[in-house]
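Notes follow the structure.
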Amino acid sequence: MDGQGRIEEDFARVGRWVARYFHHPEEFRVFPDVRPGEVLARLPDRAPEDPEPFEDILRDFERIVVPATTHWNHPRFFAYFATSADPAAVMAEALAATLDVKAMLWRTSPAATELETAMMIWLRRLIGLPEQFTGAIYDTASIAGFTALAAAREALGLDIRRRGATGRDLPTLRIYATEHTHSHIAKAAIALGIGHSNVVEVSCDERFRMRPEALESAIRHDLRSGMQPMAIVATVGTTSTTSVDPIPGIAAIAQTHKIWLHVDAAYAGVAGMLPEYEWLMEGCEQADSIVLNPHKWLFVPMDCSVLFVRDFDQLRQTFSLVPEYLHAGDDGVTNYMDYGLQLGRRFRALKLWFVFRALGTRRIRETLREHVAMAATFASWVAADSQWEVMAPHPLSVVCFRHVPPGMDPEQLDAHNAALLAAVNATGEIFISHTVLGGRYALRLAIGNQRSTLSDVEAAWEVLWRCAESLEGVPR
Ligand SMILES: *Cc1c(COP(=O)(O)O)cnc(C)c1O
């Protein structure tokens with residue numbers, strides 16, 4: 001067989017595997033039955049000297065990798081934020097890898113660059129942001145958030161880019177967040193030399209939302225103490241409960257004090273394309289930067305996170321540094337390497353384009369609505385039963401809840417629900433995760449896979465009951 005025929009045959013084999021994978025989830029445990037170190041022990045301790053047949057490589061993928069994988073694409077994966085890769089996007093990934101462009105300069109990747117620009121426009125219109133917002137695609141919200149905060153730091157006019165932040169007299173810079181802000185903001189503060197302790201935890205209301213009056217007083221307190229506010233981070237869809245900070249009130253405070261407002265909408269931002277969720281992004285038109293993750297709830301496989309900024313040039317001023325060998329002299333083009341840390345960048349826009357075209361926005365909206373509706377149904381089952389308790393409002397597709405067996409000492413509930421989580425996940429039938437709300441342990445069921453149906457949610461409810469009853473004998 002010639003080289004081309006060989007590639008075709010191998011691809012067809014992989015294609016058959018992918019198709020089967022997506023259509024027969026029942027063949028897999030969601031959470032694998034594997035001990036730490038087991039996979040490592042099954043691998044040779046050095047790379048092979050000679051080529052091996054593709055069949056053997058694929059066989060080992062099936063034999064070693066697949067059974068030791070936590071199956072994020074499984075419709076009964078309900079942990080963290082449930083996601084799913086649309087098959088069209090999986091094919092786009094193969095095609096992007098085939099082209100293997102490094103999307104840094106327009107001339108190294110004209111199509112990748114302009115498709116990225118187009119996808120940012122499509123997304124901006126879908127979620128209803130004003131036209132002045134422009135941006136780029138990054139790998140994760142963590143990096144997109146870091147990039148936004150780096151621009152916020154540069155926008156202070158302290159000349160930190162040129163002079164650095166050491167060996168000179170600078171005010172203490174402060175970032176305002178809440179206990180429900182995602183941890184990457186603290187990591188960005190660490191990496192940017194702001195310091196973890198200068199991420200101010202503004203208090204939340206009883207629905208886990210930032211309290212604007214507490215924000216205002218924290219800022220005033222810092223100003224009186226000679227500190228300099230650098231950024232406010234508000235969240236649309238917090239990671240624990242999907243609570244939505246009151247952006248309009250927060251934006252007004254940001255404007256009064258001229259502080260950069262960053263909105264983290266990593267998970268929930270895409271719901272902004274539903275007319276009934278227009279309120280979600282309300283006030284975001286006042287933000288300086290906004291992150292959302294198509295790799296979370298837009299059926300795009302890892303990784304794809306977008307950052308919108310009000311002033312794109314601010315990003316360029318923060319990050320552009322062009323070595324001689326990359327000077328291109330093309331007029332009027334975007335060179336995306338100028339807008340972040342990364343030089344070579346993946347062709348991520350391709351999978352976004354494939355997803356939009358393969359699904360269409362009508363179908364995407366319907367799927368998001370189904371997820372929200374299934375979460376509401378699950379929450380109604382929980383709320384209707386005296387043995388269970390809903391622990392937070394569920395504006396989107398995540399429900400926080402716990403088991404409250406009659407007569408159990410309240411002191412025991414945390415340990416009991418932690419044991420329940422372990423028992424449920426050990427079945428391999430479903431996979432859920434947990435959080436802590438107001439000091440109390442909460443189970444979390446997140447719906448976000450395009451292949452999840454109500455019968456998958458019913459199965460989760462059945463497994464939860466079964467495991468809860470099997471734990472009744474636990475000493476109290
Ligand atoms: C998931 C999540 C993140 C982190 O996303 P990555 O893309 O994995 O870095 C940040 N913020 C919020 C609100 C999230 O839900």
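Quick look at the numbers
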quantity	calculated
Net charge of neighbours whose Cβ lies under 13 Å from the Cβ of residue 383, counting Lys and Arg as +1 and Asp and Glu as -1	-1
The range 22-81 - percent relative contact order, Cα under 8 Å, separation 6 or more	62
Debye equation applied to the C-alpha atoms of the chain, log10 I(q)/I(0) at 0.08 Å⁻¹	-0.55
Accessible surface of the chain, 1.4 Å probe, proportion on carbon and sulfur as whole %	54
C-alpha center-to-center spacing [the range 407-476, the range 90-133] in angstrom	40
Distance cut-off 23 Å, percentage of C-alpha pairs in the range 355-472 lying past it	31
Spin-label pair residue 358/residue 190, simplified geometry with 7 Å Cα→Cβ offset, distance in nm	3.6
Signed unit charges on C-beta, dipole axis of the chain, positive-most listed residue 427, 248, 443	248
Per-bin percent of Cα-Cα distances, the range 50-106 [10 Å]	17, 27, 39, 15, 1
Pairwise FRET efficiency - residue 22 versus residue 220, Cβ, R0 = 60 Å, nearest 0.05	0.65
Modelled FRET efficiency - R0 56 Å, residue 255 with residue 65, Cβ distances, 0.05 increments	0.65
Stokes-Einstein D in µm²/s, Kirkwood radius over Cα pairs - the range 102-346 at 4 °C with 1.567 mPa s viscosity	71
Highest average packing first - 157-168, 335-346, Cβ atoms within 10 Å	335-346, 157-168
Per residue accessible area of the chain, 1.4 Å probe, in Å²	46
Zero-based 10 Å bins, Cα pair distances in the range 246-396, whole percents	9, 27, 30, 22, 8, 3, 1
FRET efficiency for residue 313 and residue 203, using Cβ-Cβ distance with R0 set to 45 Å, rounded to 0.05	0.80
Two-decimal Rg/Rh across the range 1-104, once Rg and the Kirkwood Rh are taken from alpha-carbon atoms	1.00
Kirkwood hydrodynamic radius over Cα pairs of the range 217-324, then Stokes diffusion coefficient at 20 °C and 1.002 mPa s, in µm²/s	140
Neighbourhood net charge (14 Å Cβ-Cβ; Lys/Arg +1, Asp/Glu -1) for residue 115	+3
Gain in span if fully extended, residue 466 to residue 415, counting 0.36 nm per residue against the direct Cα distance	16.6 nm
DSSP-defined antiparallel bridges as percent of all bridges, the chain, nearest 5	60
Table column - 3J(HN,Hα) (Hz), the range 32-46, Karplus curve with 6.51, -1.76, 1.60, x for Gly and Pro	x, 8, 9, 9, x, x, 5, 5, 4, 5, 8, 9, x, 8, 8
Residues with amide H under 5 Å from that of residue 388, placed H, sequence gap 5 or more	404
Relative contact order for the range 139-267, counting Cα pairs under 8 Å that sit 6 or more residues apart, in percent	26
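The values are calculated or read from the model by the stated rules, or taken from the named source; none is laboratory data. None of the values given here were measured: they were computed from a predicted structure. With ideal geometry, Cβ positions are generated from the backbone for all residues, glycine too; neighbour counts draw on all protein chains shown. With ligands, DNA and RNA removed, areas are computed over all heavy atoms of the protein, side chains included. Shrake-Rupley method; radii C 1.70, N 1.55, O 1.52, S 1.80 Å.
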